[in-house]
Amino acid sequence: MNAREVRVELGERAYTVHIGPGALLSVPAEIRKRLGTTPRRAFVVRDSGVPAVFFDELAALLSDAELAVSSIELVPTEQSKSIATLERVLAAMASSGHSRADPVVALGGGIVGDLAGFAAASYQRGVPVVQCPTTLLAMVDASVGGKTGVNLRVANDTGDRLLKNFVGAFHQPLTVAADTRVLMSLPDRHRRAGLAECVKHAMIALGITGADLMSETRAAMPGVLAGEEDAYGRLIERSVALKGEVVRRDERESIAGLGGVRMLLNLGHTFGHAIETIPNLSPNPAYPELAPLHHGEAVGLGLLAACRCAERLGMCEPGVGDEVLGILDMIGLPSTVRDLPDTDEVRSRMGADKKAAGGKLRLVLPEGRGRCRVVTNPDETAVAAGIDAIRG
Ligand SMILES: NC(=O)c1ccc[n+]([C@@H]2O[C@H](COP(=O)([O-])OP(=O)(O)OC[C@H]3O[C@@H](n4cnc5c(N)ncnc54)[C@H](O)[C@@H]3O)[C@@H](O)[C@H]2O)c1
């Protein structure tokens, strides 16, 4: 196994992220190291998109470690990332005889990881969870840091809205196994979408660890797009190290003005969430059937909107947005989208985002290359300029 390891330093909740081909092999030893001999069972929440061979391998590894394996398979969509699905998972755990000592193991993309993590956080007030991310996005971002949860559908006078990740809990994993072999079956579109979160990390890294991830990300791209395992491994390692450091400094996303840095990870997400749940938006106007946007595609557009908004505010030099645009183009991510609703409608969706607490809109905006800060109630014309910049 070509092992790369990143340690997320969180005191008694510290854990190791194993990265590379064969990282799944680390799971049983980590469970026994962290939980001792008490667990008798493991409950695997399994993503229907992951080839069966990886579930079979994981189940065999857990059985060899004398853990009785039960599982549930989920077809992940933002609509099914819901309280109803959470209830199904919890009920299946209860019927399998899952005890408070036994771990949940998430084998899947970000949706399955968030759902399984929240099931683990809430089952009998909390059982351990192991994250085995199977998409690039989940490897570089969702599986690390302990945010778990589901979406909430609410109705108001403007119709039904899906509030993203509105219900959830912080629940750090026991360990993370990012086995890069599973990426080989990941559809190209999801691979590109995952890279948007790497660009996001690059846009804040200089201000946090001093690493010039913008240059590294650009340099890594040819190898990554050619599917070279080592290029992936290194990129994942860099992103996880950055995210791990952010989480170490600010585990529960405190208010930015009080010294919190985790909020910076929401860069691009307030714009992104506002457009992600609009059903008819396609990443390529020539192919409307590709709608809706994937999470990473919406985040990529959100990153660009944030840059243009910051440029309009005069808080960052011109050129920051163009560099981001260049990387998105290189990756093959959309930088504009057709059929975007009018600016007021998109703006009102941003207002409904949970990050707009207490009636205030808080946007993470770049203040330079590799550096961002939180801006409260930015000038509305600049917000509109951000939205209009991604209109195709
Ligand atoms: N918790 C966090 O900190 C955090 C951070 C970022 C994103 N997220 C969440 O993550 C979700 C997006 O995650 P995602 O981009 O992984 O999407 P996803 O979970 O929807 O997975 C994408 C698709 O890939 C399939 N798939 C998964 N692994 C595969 C594999 N190895 N081979 C083939 N197909 C595979 C899935 O079945 C699905 O159809 C969003 O709901 C977002 O809110 C959470």
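The values are calculated or read from the model by the stated rules, or taken from the named source; none is laboratory data. Bear in mind the structure is a predicted one, so any value in this text is a computation, not a measurement. Quick reminder, even Gly has a Cβ in these numbers, built from the backbone with ideal geometry, and neighbours come from all protein chains shown.
Evaluation of R100 against the conditions (1) under 22 Å from the mean Cα position of the chain (by Cα); (2) outside any strand (DSSP E or B); (3) more than 12 Å from the ligand (Cβ to nearest atom); (4) not hydrophobic (A, V, I, L, M, F, W, C) shows that the sole unmet condition is (1). Candidates are the residues of segment 41-64 that are crowded, with 17+ Cβ neighbours inside 10 Å and of a type in the set (G, A, S); the one that is nearest to the ligand (Cβ to nearest atom) is G49. Given the options V176, V224, V246, name the one that is in a helix (DSSP H, G or I), under 27 Å from K33 (Cβ atoms) and in contact (Cβ under 8 Å) with a residue 24 or more places away in the chain. Checking each option against the conditions leaves just V246. For segment 112-119, the count of residues that are in a helix (DSSP H, G or I), more than 10 Å from the ligand (Cβ to nearest atom) and under 30 Å from A226 (Cα atoms) is zero.
Residues that are near the ligand (Cβ under 7 Å from one of its atoms), more than 19 Å from S239 (Cα to Cα) and basic (K, R) within segment 131-166 comprise just one, K164.
For every residue, the table says whether it meets (1) surrounded by 21 or more Cβ atoms within 10 Å (Cβ to Cβ); (2) under 16 Å from G49 (Cβ atoms).
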residue: V150; (1), (2): yes, no
residue: L163; (1), (2): no, no
residue: P173; (1), (2): yes, no
residue: M184; (1), (2): no, yes
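Among the residues of segment 356-384, those that are over 17 Å from A205 (Cα atoms) and either surrounded by 18 or more Cβ atoms within 10 Å (Cβ to Cβ) or in the same structural domain as N165 (by TED's automatic domain parsing) (or both) comprise L361, R362, L363, V375, P378, A382, V383. Once segment 56-88 is narrowed to residues that are closer than 25 Å to T37 by Cβ and among the small types (G, A, S), the residue that is nearest to the chain's Cα centre (by Cα) is S71.
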